[in-house]
Amino acid sequence: MLPKDLRRVSRAGGGYHPQFADREHRPLAARVIGTYQGHVGEPRATLEAALTDLERDHEDFKLVRGLAALVERDASFETEAAIEPERARRAVFEAAEAVGVVTEDERAMAYIRAGEAVGVSPDTLQRALYADLEERQVLDRVEPRWGPEGLIAQYNLSLAQSALFDATEVRVRSSDPKALVSAVKRLRLMYEIRRPSAASSGPESGSAPEADFEHDRDAASDREVIVTGPTHLFRASRRYGTRFARLLRTVTAAEAWHLEATIDDRGTERTLELSHEDPIRIPDAEPITDVSYDSNVEADFAGRFSALDLEWDLVREPEPLATGTRVMIPDFAFDYRHSDFRVYFEIMGFWTPEYVEKKLSQLQDLEDVELVVAVDESLGVGEEIAARDHRAITYTGSVRLKDVASVLREYERQLVADQAAALPEELRPGEDAITLETLADRHGVGVDALDDVAFPEHERVGRALVRPSTLEDLDREIEPGLSLSEVETVLEAHGLEDASAVLAELGYRVEWEGLVGGTVVER
């Protein structure tokens, strides 16, 4: 990003148009890089004089200084002095006070006495006295990340980002909406999604926007993400303008995109328009990967849910749901591991009454969707959500895992019952031994769906099915006195893992010897 005083923008026609650099400026970029590289070991003042000469040779000093500002980020300056400048000044001032400096001779005497006090010569002391002033600092090294072409690309990106510093609203269409919406959420910006048919009636807020666009140039006009951030609601703040600027890195990574922003230009409202046709690209950089969740409540829930041993996978930022002419993307989705079944999960935190009303309106328009809503008890809208045929869970502070798990188990019971009804009354696996989990996966069901199925050719041993003949073979191979590790080797050869269940079936138990091993004995 560039400092505000280095922005090159045109306000022709009442717009706000960044003046990008192009290939004809490549020699200038090379000269700027070369100027820094040629002044390593020299004071900043000398470098600044060289850059000033370069400005005189070029018609636009802002472009020169803008390129220089980017190169300088990869440069480091050091204070070269035999003694710390602050210590040198203190010694000289103390000596001058003692001598009572008025004449040149007294001044020289003060330097001599100060040098003796700190152990350096008067000349060395004098050179160190103000060596830490910015113009006297020495260019220690410069390692530009980009060549001339890359520097031009970084300049154009930084110029566009700087133009967004004073944005109050940003509207984006992208061929990669998933990445766009993810970045919006991670940057903690407020947003809305508007479909083309809703353009005349205005946008409506969504809590976790994302859209399933096709990755081609026409897809950029499918849906529009409107980003406002707290700036729009409360007061102007460059903190959010910076977030808009950082969002541009993700926007420009898409194949096709169009951005329109409302700019507060010193009290005058102007419109900035950018698209993939502008010379903006990311030079050897990755899109942002900052904040992962919209709120601490969501982050806390996701972290705790991952520790549960449930038959559901938590999905962050699922696909969008149609709500009339607009879209809504819930915060999460739960995918049942044993079938194609998804339950969406929305967390309604502390929102304004207007935002809650919009959210309830969205829920009203959702059809054929299983949705669970965790709603902050202070909002008092649990009954209204339930009236819209969605499950409501109230919470205070944090979402209770017990409540969520209870709802998921209700769904699971019905899913298991449906799966069990679809299974035959008997199953005859071809293996001599097979785990119930493997068999359930084979039929695309959960293990619990096998509870009422008969297995005429096998016996249930723990969580496995074993033919009686295999149990007889195991009974001959396992005998008292074998170590547990030896038994496990025998079972592994038959495709079994649960030593405890098999030993119990055969009438054995393990007599433990300390914590590391045991011996098989009869019960």
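Read-outs throughout are calculated quantities, based only on the coordinates presented, and are distinct from any laboratory measurement. What you see is a predicted model; the values in this text were computed from it and never measured. Virtual Cβ from ideal backbone geometry, glycine too; neighbours counted across all protein chains shown.
For a protection proxy built on the mean count of beta-carbon atoms within 10 angstrom, sort 111-123, 45-57, 171-183 highest first, please.
Working: 111-123: 16.5, 45-57: 14.4, 171-183: 23.5.
Per-residue mean Cβ counts within 10 Å order the peptides as 171-183, 111-123, 45-57.
Among residues other than F334 whose Cβ falls under 11 Å from its Cβ, what is the net charge (Lys/Arg +1, Asp/Glu -1)? Present the calculation step by step, with values, prior to reporting the outcome.
On the way: positive: R337, R342; negative: E311, D313, D335, E370, E412.
Net charge around F334: -3.
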Span from the the range 435-462 Cα centroid across to the the range 89-146 one, whole angstrom: 86
Exposure proxy order (Cβ contacts within 10 Å, fewest to most) of F345, F20, F61, F334: F61, F20, F334, F345
For R8, distant residues with modelled amide H under 5 Å away: Q19
